[in-house]
Amino acid sequence: MATQELAQWIKQQTGAELARLSPVGGGCIHSAWRLELQDGRVCFAKTNQADLLPVLEAEADGLRALRQTLDAPRPLQIPEPLALGLAGREAVLLLSWLELQSSPQRGSQHDSAWGELGAGLAQLHRSSLRGGDERFGWGQDNFLGSALQPNRWNDSWADFFCQERLGHQLRWAARSGRSLPQGEALLKEAAGWLADHKPEPCLVHGDLWSGNAGQLRDGGGAIFDPAVYRGDREVDLAMAQLFGGFPASFFAGYQRCWPLPPGHQQRVELYNLYHLLNHANLFGGSYWQQSAACIQSLLCSWS
């Protein structure tokens, strides 16, 4: 990180001098920073090499879409994109600062906070239906982590999920020489499994695992680092059960606000296969075995 170039860029974008720059942990793709400005403002910045600017542009697009969807007063916090561009050889996304709790709460207060976050997500999903596109997809491709996420519009949820989600990942695996046994069979079956499921095209976060949400110190919850598109709202609730998962109170809060339709439990494993495949393609290792086992389980349980 070229601190002087960043400081100059910050001054150009905000009109304020950079007083202090501190690294923030937790990011696996970008470098993350806490910025204190001379005028008292605190901001958050993500930086990476210049050719990854499109990844940050897609994130900013998703954050703006989520923020525009929320009703006022906002039921949950989403960081605001403040500036985006190149500072020398670095791509930079400047965001509003979220004061997240450094350690999880316990007891009823913890359950209540996560319940409110679940309810807030349900409100966001429902609000996104007003005046929204009635197709599945997004106006541009974006990224799931560092992986390209294709979003071509489709009138059919079954076709969209099978082609743009599972099909994309299976084709990527095959190009890498990691063709998964029974992957094509699963893809053909999945279209039939989803044929009678007719969800409304909600704006979804798209990457809602526990590392992309948190509780704020002054109360309330926040979501961030999205990979948005219009899809079945169940995909967010499914991923919230993956990679450690959210507390039970989160799901209870969602259900109180907007109950999920019958059969949603059966679709969880299918929807999360997309994320397992993405991790396998990005990181390899045991994710290949997990993906293969998930495919086998789905073929057995849905047959």
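With touching a Phe, Trp or Tyr at 6+ places or on another chain (Cβ under 6 Å), open to solvent by 30 Å² or more (accessible area, probe 1.4 Å) and either within 29 Å of Tyr287 (Cα to Cα) or of a type in the set (Ser, Thr, Tyr) (or both) as the only criterion, which of Trp138, Trp172, Trp157 stands out?
Trp138
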Test: residue in segment 31-41 that is in contact with a Phe, Trp or Tyr (Cβ under 9 Å, 6 or more places away or on another chain), within 19 Å of Ile78 (Cα to Cα) and open to solvent by 50 Å² or more (accessible area, probe 1.4 Å)
yes
Kindly evaluate Gly132 against the criterion of being at pLDDT 95 or above and open to solvent by less than 30 Å² (accessible area, probe 1.4 Å).
no
Within segment 82-96, is there a residue that is touching a residue at least 40 places away in the same chain (Cβ under 8 Å), open to solvent by less than 40 Å² (accessible area, probe 1.4 Å) and not in a strand (DSSP E or B)?
no
Scanning segment 260-286 residue by residue, the ones that are under 21 Å from the mean Cα position of the chain (by Cα), free of Cβ contacts under 8 Å to residues at least 24 places away in the same chain and open to solvent by 60 Å² or more (accessible area, probe 1.4 Å) total 2
Members of segment 185-201 that are in contact with a Leu (Cβ under 7 Å, 6 or more places away or on another chain) and open to solvent by 70 Å² or more (accessible area, probe 1.4 Å)
Glu189, Glu200
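Kindly indicate the residue of segment 141-154 that is part of a loop (DSSP other than H, G, I, E, B) and open to solvent by 50 Å² or more (accessible area, probe 1.4 Å) and also nearest to Asp196 (Cα to Cα) among those meeting that condition. Outline the logic, then answer.
First, pick out the residues of segment 141-154 that are part of a loop (DSSP other than H, G, I, E, B): 141, 145-146, 150-153.
Narrowing the set further to residues that are open to solvent by 50 Å² or more (accessible area, probe 1.4 Å) leaves 141, 146, 152-153.
Numbers: Asp141: 27, Ser146: 33, Arg152: 21, Trp153: 19 Å.
Top of the filtered list is Trp153.
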Any idea which residue in segment 59-81 is most open to solvent (accessible area, probe 1.4 Å), counting only those that are in contact with a Pro (Cβ under 9 Å, 6 or more places away or on another chain) and either over 17 Å from Leu216 (Cβ atoms) or of a type in the set (Gly, Ala, Ser) (or both)?
Arg64
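Filter segment 219-255 for residues that are among the small types (Gly, Ala, Ser) and under 25 Å from Ser286 (Cα atoms); which is most open to solvent (accessible area, probe 1.4 Å)?
Step one: of segment 219-255, the residues among the small types (Gly, Ala, Ser) are 219-222, 227, 231, 238, 240, 244-245, 248-249, 252-253.
Then drop every residue that is not under 25 Å from Ser286 (Cα atoms), which leaves 227, 238, 240, 244-245.
Numbers: Ala227: 2, Ala238: 2, Ala240: 0, Gly244: 82, Gly245: 20 Å².
Top of the filtered list is Gly244.
The values are calculated or read from the model by the stated rules, or taken from the named source; none is laboratory data. A quick note: this is a predicted structure, and the numbers were derived from the prediction, not measured. Neighbour counts are summed over all protein chains in view; Cβ atoms, including those assigned to glycine, are modelled from backbone coordinates with ideal geometry. The accessibility values were calculated without ligands, DNA or RNA, using every heavy atom of the protein model including side chains. Shrake-Rupley method; radii C 1.70, N 1.55, O 1.52, S 1.80 Å.
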